[in-house]
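Notes follow the structure.
Only the coordinates and a few stated rules stand behind these numbers; no lab work does. Note that the coordinates shown come from a computational prediction; the quantities given were computed from them, not determined experimentally. Cβ: placed from backbone, ideal geometry, glycine included. Neighbour counts: every protein chain shown.
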Amino acid sequence: MTEIINGVFYCGVRDVDRRMFDELIPLPQGTSYDSYFVRGSEKTALIDTAYPRCVEDFFREIAEIECLDYVVALHGEQDHSGCLPQVLEKFPEALVLTNATCKKLIMDALPIAEDKFRVVADNEEIPLGDKALRFLHAPWVHWGDTMFAYIPEDGVIFTTDFLGAHTSHFDVFSHEGTETLKLAKRYYATIMMPFRSFCVKHLRRIRELSPQWIMPAHGGVYRNPDFILKAYEEWTSDICPRKVLIPMVSMYGNTAKMVEYLAEALQHRGFEPIVADAGDLGTISEHLADAHTIVFAASMVLAGPHPAMANVAYLANLLKPKAKCLAVIGSYGWGGKLTERLAAQITQIKPEFLGEVLAKGAPNAETFTALDTLADKIVAAY
Ligand code: FEO
């Protein structure tokens, strides 16, 4: 347990070996399950617990805690509430503070009696003596139960999953810089982006509090939180940089040649092309966060898109990126329905469709002219 500021301690667990998030997105640096202990002059509170498989590490972290009045459950997902039964067993006098939605989710998943809970209202303050915990209901970042806890006396806000990052490489603090932003952006895209309008609303509420410390449930603590708030304001805004994401799968190199040509054409026109392997869902998700245009670049298999691109389209639809435009390019042997089948998967967002460029076999002069026209259309649509 590490004291961050007077009476507020970090007692999270680093899950260095975890390699996938939701068995879908790679976690190159693992993740952490951040828990915090707050010692007021009269009462104490533990903010969240940890993933059940890390229970032993978690109990090592909280070994110094001698008495506990409250366990705060900011979110019912098991990576934060999973060790609640063991915590309540060790501290039978402790009450679980949470909202009604979270209470129900926890009771559905864990054997905890109803009388162990005390439901807190939005803006309700629970005094701990020289400091208090104020609860801010913040539904849909990213579940309906999510809420924040704020200590007005210390300018500390605990934001559960919101504003976090999947990494185990930190020394309690998240340091401002490209690496932190990259991890936070990938995390935002895969977890928060489908709830962009809620993110905007709750960001505004956090801004109004001008917190000095942001303590999320994954990744390090932000001691100068302005940079992460600004990054979120950028990602959640409707504005996109001049960026084109081109997820690609090419069986014989023909689609790859088309991608290479289009990427260069876009670069000449002042756009940043991001070419990503269709299997690299982490990179694709990261750039879905702010790409202006998505170009699906795929070979065809049995008259439809290569399954790897079908997977990308399915994921893009789930994550609801703010992309304004969409196009399809690719190569085929016999023919088929590349564009129709990919477009059919994009139902939750309404990007403008800028057209398709398809080559039968190897791309030729006509194909490259069509790719130049597509690049012009992308520029015009910005
Ligand atoms: Fe980190 Fe939604 O759990």
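With a Förster radius of 25 Å, plug the Cβ-Cβ distance of Leu318 and Asp277 into 1/(1 + (r/R0)^6) and report the FRET value to the nearest 0.05. Mind dumping the intermediate values first?
Details: r = 19 Å, r/R0 = 0.76.
Between Leu318 and Asp277 the formula returns 0.85.
Applied to the range 11-26, the Karplus parametrisation 6.51 cos²θ - 1.76 cosθ + 1.60 on θ = phi - 60° returns per-residue 3J(HN,Hα) values of 9, x, 10, 9, 9, 4, 8, 5, 10, 9, 9, 6, 6, 9, 10, x Hz, with x for Gly and Pro. May I ask you to list the residues of the range 107-135 whose amide nitrogen lies under 16 Å from a point 7 Å from Cα along the Cα→beta-carbon direction of Ser41? The answer is 127-133, whose backbone nitrogens lie closer than 16 Å to the label point.
The GluC sites (Glu not before Pro) of the range 1-99 meeting both criteria, a DSSP state outside H, G, I, E and B (loop) and at most 14 other C-beta atoms within 10 angstrom of the site's C-beta, are Glu23, Glu42, Glu64, Glu66, Glu93. Phi-derived couplings, Karplus 6.51 cos²θ - 1.76 cosθ + 1.60 at θ = phi - 60°, listed residue by residue for the range 351-358: x, 6, 8, 8, x, 10, 10, 10 Hz, with x used for Gly and Pro.
Taking every DSSP helix (H) stretch of at least 4 residues in the chain, weighting each as -39,500 (n - 2.57) and dividing the sum by the residue count yields a mean residue ellipticity at 222 nm of -9500 deg cm²/dmol.
Remark on the chain: Rg and Dmax equal 23.6, 78 Å (Cα only). Given the pairs Lys104/Lys182; Lys131/Lys185; Lys201/Lys324; Lys90/Lys185; Lys131/Lys230, which are separated by over 26 angstrom at their Cα positions? The pairs that break the limit, which is 26 Å between Cα atoms, are Lys104/Lys182; Lys131/Lys185; Lys90/Lys185; Lys131/Lys230. Proximity of backbone amide H atoms, modeled 1.01 Å from N, is registered between Glu124 and Phe135 at under 5 Å, excluding neighbours fewer than 5 places apart on the same chain. With the simple spin-label model, which puts each label point 7 Å out from Cα in the Cβ direction, the Lys90 to Lys104 separation comes to 3.1 nm.
Working from label points 7 Å from Cα in the Cα-to-Cβ sense, the Ser210 to Glu124 distance is 3.0 nm. For the options Trp213, Trp140, Trp334, a Gaussian network treatment of the chain with springs between C-alpha atoms closer than 10 Å singles out Trp334 as fluctuating the most. Considering the range 234-382, its Cα convex hull presents a mean projected area of 7.6 nm².
In order along the range 48-59, the phi-based Karplus estimate (6.51 cos²θ - 1.76 cosθ + 1.60, θ = phi - 60°) of 3J(HN,Hα) comes to 6, 10, 8, 5, x, 5, 9, 4, 5, 4, 5, 5 Hz; Gly and Pro are listed as x. Bridging of Lys377 to aspartates and glutamates at a Cα separation below 14 Å is possible for Glu352, Glu356, once same-chain residues fewer than 8 apart are set aside.
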